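Single-structure report; data block below.
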Amino acid sequence: MTMRLSSVRKTFGSHAALDDVSLEIDTGDFFVVLGPSGCGKSTLLRAIAGLEPIDSGDIHLAGTQVAGKGLHQPPEARNVGVVFQSYALWPHMSVRQNVAFPLETAKRAGTYVTARTNNCLETVELTPFADRKPADLSGGQRQRVALARCLAQGAKTVLMDEPLANLDPHLRSAMEAELAEFHKKSGSTTLFITHDQREAMALADKVALMWDGKVLQADTPEGLYDRPVNERVAGFIGRSTILSGEILAVRGERALVSLAGHAVEIPCPQDTEIGMARIIVRPEHVRTTGEDRDLETVVDRVTYRGGFWEANVRLDGQEQAVLVNIPHKAAAGDSLAISIDGGWVLPA
Ligand code: ADP
Ligand code: MG
C-alpha cells in the first residue's frame, strides 16, 4: 500500500478542515478525492505532501511514517510530485526550462533531459510554445506546463489538486485521456482532487467522497453510484430520487419492497431488516414501456434533455417526485404507468 492516513485531524481555529480522515490507497491506483468546494480536499493533499502539519492522526507513505505525533517530515523528504490548482511556475524561465528544471536538479544526463522534456511537452500539446515565458500563456496553457513538469519528474506518487479545472472543455477531455494513459504507463500512484463528479468517475480506480472535513465513502466509482452508504452520497453522485418503502422480505442481497401498494424487488445491503427504509432509485431503474408496469403516476414536470425527456412523476405516498427518462414528450397532468426494476436500499 502506498498511502495510509489514520484518523487525521487538522483544524483552522475552531473549524476542522480534516475531521478524523482515514484512507488507504493502493500502489498504482488512480485515487480521486471528490467533494464540494471548501470540504477539505486541498488541505488533505497539503497534509500528505507535507505542506501542512496535522494536529493528530498519522500518515504513512510507501511504508514509512511521514507525519504523526511529534513527527513532521518536510515535503522534500516525502518524494511526491505535486500539481496545484494555481500553477507555481518559474516566471523567469521559458516553458521548456520549467519542464526540464526538476530533471536538471536531479542531475540527469543532458540528452535524457532534452528527450524527456520534448516528450512531456508533446503530451500536453505545448511544443509550439516551448520558448515562451509563463506570462505569455493562457491559464490553461500554464496549467499544462505544470502538468508536463510533474510528468517529467516521474515521481512514483503524484498529487494533483484540480489540475484540469481551468482548462477549456475540449482540452479537458483530451487531458483526461492523457492523464489516464500516463498513469497506466508510469505505474505511479496518483491522488487526484476534483469537485467534478464526471471527471472523478471517468478517471478513478477509487473515489473518496468528502463532505465537511469527513470522508463519507471511499469506493469504486460503481460502488459509489450503485451502493451509496447514505442519502448525502446518493444525492451528490448522479441523478436520483429517494423514496420511502416498506421492506417486506429480504433474500440474500435483494429486498422485496412495498411501494404504492405493489411489491418491487430492489438490491439491498446484507444486513437489511424488515420495516420502513429509504430507497434510492435512478432514472435508469424506471421502465415506462413494456409489461408489468403496476405503478400509476402523474406527470408533474417535463424537461427536454436532448434525445429524450426527463419527467418528474408523482407516485402515491411519496414526498419526492420520481425522476424518469421518457422517449416521448408528455405534459403535466398526464398519467404514466411505470415499473421499477432496480435501485438500492440505503443502509439504516
Ligand atoms: P477545498 O480544497 O475542498 O475547497 P480546503 O481544503 O481549501 O477546501 O479548505 C477546507 C476548509 O478549511 C475551508 O473552510 C477553508 O476556508 C479552511 N482553510 C483552508 N486553509 C486554511 C488556512 N490556511 N487558514 C484558515 N482556514 C483554512
Ligand atoms: Mg481546493
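Cβ separations smaller than 7 Å between residues 6+ apart or across chains give the following pairs from segment 175-189 residues that are over 14 Å from residue 120 (Cβ atoms) and assigned by TED's automatic domain parsing to the domain that holds residue 163 to residues that are of a type outside the set (Lys, Arg) and assigned to a helix (DSSP H, G or I): 176/199; 176/202; 176/203; 180/203. Scanning segment 15-51 for residues that are near ligand 1 (Cβ under 8 Å from one of its atoms) and part of a loop (DSSP other than H, G, I, E, B), we see that the one that is surrounded by the most Cβ atoms within 10 Å (Cβ to Cβ) is 35.
The residue pairs whose first member lies in segment 116-137 and is on the phi < 0 side of the Ramachandran plot and in the same structural domain as residue 185 (by TED's automatic domain parsing), whose second member is assigned to a helix (DSSP H, G or I) and basic (Lys, Arg), and whose beta carbons are closer than 8 Å, counting only pairs six or more residues apart or on different chains, are 117/96; 120/149; 121/96; 124/144; 126/144; 130/96; 131/96; 134/142.
A quick yes/no check of all residues on (1) in contact (Cβ under 8 Å) with a residue 40 or more places away in the chain; (2) of a type outside the set (D, E, K, R):
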| position | (1), (2) |
| --- | --- |
| 7 | yes, yes |
| 31 | yes, yes |
| 35 | yes, yes |
| 52 | yes, no |
| 55 | yes, no |
| 65 | no, yes |
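Going by the conditions given, is residue 288 surrounded by 12 or more Cβ atoms within 10 Å (Cβ to Cβ) and either modelled with pLDDT of 95 or more or in contact with a strand residue (DSSP E or B) (Cβ under 7 Å, 6 or more places away or on another chain) (or both)? So residue 288 fits the description; yes. Among the residues of this structure, residue 164 counts as one that is in the same structural domain as residue 76 (by TED's automatic domain parsing), without any contact (Cβ under 8 Å) to a residue 60 or more places away in the chain, within 16 Å of ligand 2 (Cβ to nearest atom) and over 23 Å from residue 66 (Cβ atoms).
The values are calculated or read from the model by the stated rules, or taken from the named source; none is laboratory data. The model shown is predicted, which means the values in this text are computed figures rather than measured ones. A quick note on method: Cβ atoms are made from the backbone with ideal geometry, for glycine too, and the neighbour counts reach across all protein chains shown.
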